[in-house]
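K.L.:
Starting off with a structure, shown below.
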Amino acid sequence: MRPFDRRHALQLLGAGGVGLIGGLIGGLPFAAFAQDGAYPRNLLTDPKFGTDPFTLGVASGDPASDGFVIWTRLAPHPLEPYGGMALKPVAVGWEVAEDEHFGTVAAKGEALAHPELAHSVHVEVAGLKPDRPYWYRFHVGGEDSMVGRSRTLPAAGAKVQRLRFAAAGCQHYEQGLYTAWRHIAEEPVDFVFHYGDYIYEGADHGEGPLKVNGRSYDGMRRHVGGEIYTLDDYRRRYALYKSDADLKAAHASAPFWMSFDDHEVDNNWASDFDQDGTPPEVFLFRRAMAMQAYYEHMPLRRASMPQGSHMRMYRGARYGDLMSAFVLDTRQYRADQLYGDTLAALGPEAFAERSIMGAAQEKWLYDGLGASDTRWNLIAHQVMVMNLNQKKQPVKKGADKVATYSMDQWPGYMANRRRLLDCIEKRCPGNVVNVRGDAHRHYAGDLVQDADAPGADGKVISSEFLATSIASGADGLGDNDAYSRQVRADNAFLKATTDQRGYLLCDVTPGEWIGELKVVDKVTTPGGKLSTYARFAIENGKPGLHRA
Ligand code: FE
Ligand code: CA
């Protein structure tokens, strides 16, 4: 950051913005973006909003043993241009306390909300104690934000007896209420992993019923405007989604490990390619805007701030001696999808030297797994690793049916899949659990090498929980539709699947890892009831799921 000239800041006192009254601000040195303690010369002094500027709530994320990121964005009128903000930087106060009443304040300061970043605030709080909850809030213009609760990681060498987390994502705003987020907010979890599809880029579905998977629903929520392309479009889409009270409650309840999948940019994008055939150098402008808006709305560290069209999202964490977590990015570095990105039979191309992770991230993961000395390892990311035979389509009328697979998932990247499972088998046998989403159903199953390929031995190497969606897919079809019956019949390693909304809850202890597939019965009307669809255990050191 280039330091600002304090004289200029002092000359500009009284320069207020649209609808706001100017004046002098007092203040502490900034914790972020103004290391020299001076305010920028265009600072909006003494901001007054006349309404709640914290309409998008608060969030925390990327915990460390001495702190975490706390986030908010000033948006008094979230769907209006610039969220209703004047285009000037604003100083925002923050505090972190050891109790929910803020009796013992552990850290506090001021951070700048810049118009360049949609008046978002990202504070990397440090100097806290390990393995304990903290509460945080923000202040600006005489207004207080809601209170968020976060948690530091245990110290690296600490003995940890239990860890609980939820995994969730795919929250299409039009297709369902965020009832599952409300239930997550009430779970006693140490963190939430978000596997992506935080927003969907598509247009408003328009007047009349919403059609999802052959069903028709009246009175559903609507997007604003057409498909999103510009930075302002993406910002407004995040503002729409983040205005939801249930989502805000979930963010305020626990730190999140965020990752993005495809819909934060465009359906099934891969590296520099979108699905429409846009020239890569053109698509990258859209990707850059999408990533900027993503960063602006998520509790991410400075290390993830986008540089052009790239942002660093793969990263790791350690929960004492109990679990290492590896959060992957399988969008930004992947080879383009094969066979026109359809469900396809696996030809030689699918087994060729291609990566869904990119060489640098693969090395980082395999080195990390090789060096790991924790009881368990979590690999958390976006799309299915199971080699799921999804449909048997006759190639020609009257011909034999063939096994087909999603080219947007790991079966389109079989060489990378082999390297991953080889690494797990050789370096971390029996203690790697894979958690992801994207498919808008719960799936729980075991990972075997090249499941349907000639010579496959069917040996279980690891297991996978694929968490269903929060909202995408509306109420769903349950577990006895034709697709559910087909995939269960054709995939021996698949232990359960159902098309309902919900989330995954993991309860990790030294001896076993329990995964619960949580479902809500309805998301198209309020008050959906929570239940457990299935519960599986993995014994430490013995790969494979068992009903629990
Ligand atoms: Fe999705
Ligand atoms: Ca997806």
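K.L.:
Under a 5 Å amide H to amide H cut-off, with H placed in plane at 1.01 Å, what residues pair with Tyr178 once short-range neighbours are removed?
P.N.:
Answer set, sorted by chain and number: none.
K.L.:
Show the residues, 5+ positions off or on another chain, whose built amide H is closer than 5 Å to the amide H of Gly476.
P.N.:
none
K.L.:
Also, I was wondering about something else. What residues have an amide H closer than 5 Å to that of Val160, excluding those fewer than 5 places away on the same chain, when H is modeled at 1.01 Å from N in the peptide plane?
P.N.:
Asp321, Leu322
K.L.:
Another question about this same structure. Can you give me the relative contact order of the chain as a percent, contacts being Cα pairs under 8 Å and 6 or more apart?
P.N.:
13 percent
K.L.:
How large is ³J(HN,Hα), in whole Hz, for each residue of segment 114-122 in order, when computed from phi with the Karplus curve 6.51 cos²θ - 1.76 cosθ + 1.60 and θ = phi - 60°, using x for Gly and Pro?
P.N.:
Rounded to whole hertz, the list is 8, x, 4, 10, 6, 6, 8, 10, 10.
K.L.:
Which Cα, out of Cys428, Met146, Ala185, lies furthest along the positive dipole direction of the chain (beta carbon charges, K/R +1, D/E -1)?
P.N.:
Towards the positive end, the residue furthest out is Cys428.
K.L.:
Using +1 on the beta carbon of Lys and Arg, -1 on that of Asp and Glu, and nothing else charged, what's the dipole of segment 99-147 about the Cα centre, debye to 20?
P.N.:
160 debye
K.L.:
Further question on the same structure: Could you list Tyr294, Tyr178 so that the one with the fewest beta carbons within 10 Å of its beta carbon is first and the one with the most is last?
P.N.:
Sorted ascending by nearby Cβ count, the order is Tyr294, Tyr178.
K.L.:
Could you work out the local net charge near Leu338, counting Lys and Arg as +1, Asp and Glu as -1, over the other residues with Cβ closer than 14 Å to its Cβ?
P.N.:
Around Leu338, the charge tally is -2.
K.L.:
Quick one: compute the contact order of segment 72-212, relative version, from alpha carbon pairs under 8 angstrom and 6+ residues apart, as a percent.
P.N.:
So the answer I get is 17 percent.
K.L.:
Pairs of alpha-carbon atoms within less than 8 angstrom and 6+ residues apart define the contacts here; what relative contact order does segment 176-232 have, in percent?
P.N.:
Averaging sequence separation for qualifying contacts and normalising by length gives 32 percent for segment 176-232.
K.L.:
Now, a different point. Order by neighbour count: His223, His114, fewest other Cβ atoms within 10 Å first, most last.
P.N.:
Exposure proxy ranking, most exposed first: His114, His223.
K.L.:
With a sphere of radius 15 Å drawn around the Cβ of Arg302, what net charge do the other residues whose Cβ falls strictly inside it have (Lys, Arg +1; Asp, Glu -1)?
P.N.:
Every neighbour counted, the sum reads -1.
K.L.:
Net charge around Trp257, counting only other residues with Cβ within less than 13 Å of its Cβ (Lys, Arg = +1; Asp, Glu = -1)?
P.N.:
That sum, taken over residues with Cβ under 13 Å, equals +2.
K.L.:
If you put +1 on each Lys and Arg Cβ and -1 on each Asp and Glu Cβ, how big is the dipole of the chain around its Cα centre, in Debye rounded to 20?
P.N.:
So the magnitude is around 600 debye.
K.L.:
Here is a follow-up. Along the charge dipole of segment 445-520, which of Gly476, Gly445, Phe493 sits closest to the positive end, that is, farthest toward it, with unit charges on the beta carbon of Lys, Arg, Asp and Glu (+1, +1, -1, -1)?
P.N.:
Of Gly476, Gly445, Phe493, it is Gly476.
K.L.:
What ranking do Ser271, Ser355, Ser472, Ser406 get, fewest neighbouring Cβ atoms within 10 angstrom at the top?
P.N.:
Ser271, Ser355, Ser406, Ser472
K.L.:
Name the helices (complete DSSP H segments) of the chain with a Cα length along the long axis of 24 Å or more and a Kyte-Doolittle mean of at least -0.5, or state none.
P.N.:
In the chain, the long hydrophobic H runs are 280-297.
Values in this text are rule-based calculations from the coordinates and carry no lab data. Predicted, not measured: the structure shown is a model, and the values here were computed from it. All Cβ positions, even for glycine, are placed from backbone atoms using ideal geometry, and neighbour counts span all protein chains on display.
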